[in-house]
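**Student:** Below you'll find the structure I mean.
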Amino acid sequence: MKYSLIDRILDYQEGKGIRAAKSLSLAEEYLADHFPGFPVLPGVLMIEAMTQTAAWYLRLSQGMRHPVVTLKQASHVRFGHFVIPGDVLVMELSLTKEDRELGEASFRGKGRIHSLATSADAAAAAPVACQARLTVASATVSEVGPEIPPGSARLTEDRIREELERELASLRRDLVAQPGAGGEGG
């Protein structure tokens with residue numbers, strides 16, 4: 001089962017970072033068990049949301065060349081405030097290193113709880129739900145599944161790319177280009 005933990009990409013700046021949002025609803029099925037009577041977003045899913053945000057950065061910066069992105073490392077992980085239904089978790093990832101040849105990117109990130117309508121100053125002061133340093137790496141289907149025949153691997157990668165392109169159209173529906181942004185530009 002795959003949880004898509006990103007509702008919207010708020011901004012993307014090549015060479016700088018990415019911001020994305022997750023609006024937590026009581027309808028999320030995993031909240032029924034975590035915890036009964038006090039539903040909160042599990043910490044591991046906060047980190048997964050940050051990882052998915054980092055993956056979108058890498059896909060966008062590489063022009064979707066290798067749509068498969070995996071978490072290579074998570075360090076300095078800390079949790080702060082609970083994320084409860086009705087909260088908006090905004091993942092703010094700052095690029096610390098990018099190696100285009102290896103298809104890797106490292107980030108320092110925070111997941112903050114705030115309203116999307118807040119000012120930049122208020123957003124910077126929003127409570128921190130989680131923070132971590134993440135490294136993600138892109139790969140071909142053949143690299144993650146060497147047993148897959150080459151023709152099937154290419155077909156699978158094309159299908160993944162098509163699905164991700166549809167998802168990206170939904171995620172970026174309100175995104176406005178940022179001045180000075182390269183590549184996709186926002």
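A quick yes/no check of all residues on (1) touching a helix residue (DSSP H, G or I) at 6+ places or on another chain (Cβ under 8 Å); (2) buried (at least 22 other Cβ atoms within 10 Å of the Cβ); (3) of a type in the set (A, V, I, L, M, F, W, C); (4) touching a residue at least 40 places away in the same chain (Cβ under 8 Å):
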residue: TYR3; (1), (2), (3), (4): yes, no, no, yes
residue: ARG8; (1), (2), (3), (4): yes, no, no, yes
residue: LYS16; (1), (2), (3), (4): no, no, no, yes
residue: ALA20; (1), (2), (3), (4): yes, yes, yes, yes
residue: SER23; (1), (2), (3), (4): no, no, no, yes
residue: GLU29; (1), (2), (3), (4): no, no, no, no
residue: PHE35; (1), (2), (3), (4): no, no, yes, no
residue: VAL40; (1), (2), (3), (4): yes, no, yes, yes
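**Student:** For a quick check of your reading of the model, give me the residue pairs whose first member lies in region 133-151 and is under 20 Å from SER106 (Cα atoms), whose second is aromatic (Phe, Trp, Tyr) and not in a loop (DSSP other than H, G, I, E, B), with beta-carbon atoms closer than 6 Å and at least 6 apart or on different chains.
**Tutor:** The qualifying pairs are LEU134/PHE107.
**Student:** Does SER94 fit the bill of being surrounded by 17 or more Cβ atoms within 10 Å (Cβ to Cβ), of a type in the set (Gly, Ala, Ser) and modelled with pLDDT of 95 or more?
**Tutor:** Judged against the criteria, SER94 is not a match.
**Student:** Taking region 25-68 on its own, how many of its residues are acidic (Asp, Glu) and over 14 Å from TYR3 (Cα atoms)?
**Tutor:** The qualifying residues number 1.
The values are calculated or read from the model by the stated rules, or taken from the named source; none is laboratory data. Bear in mind that the values here come from a model prediction, so they are computed numbers and not experimental data. Here Cβ is always computed from backbone atoms with ideal geometry, including for glycine, and neighbour counts include all displayed protein chains.
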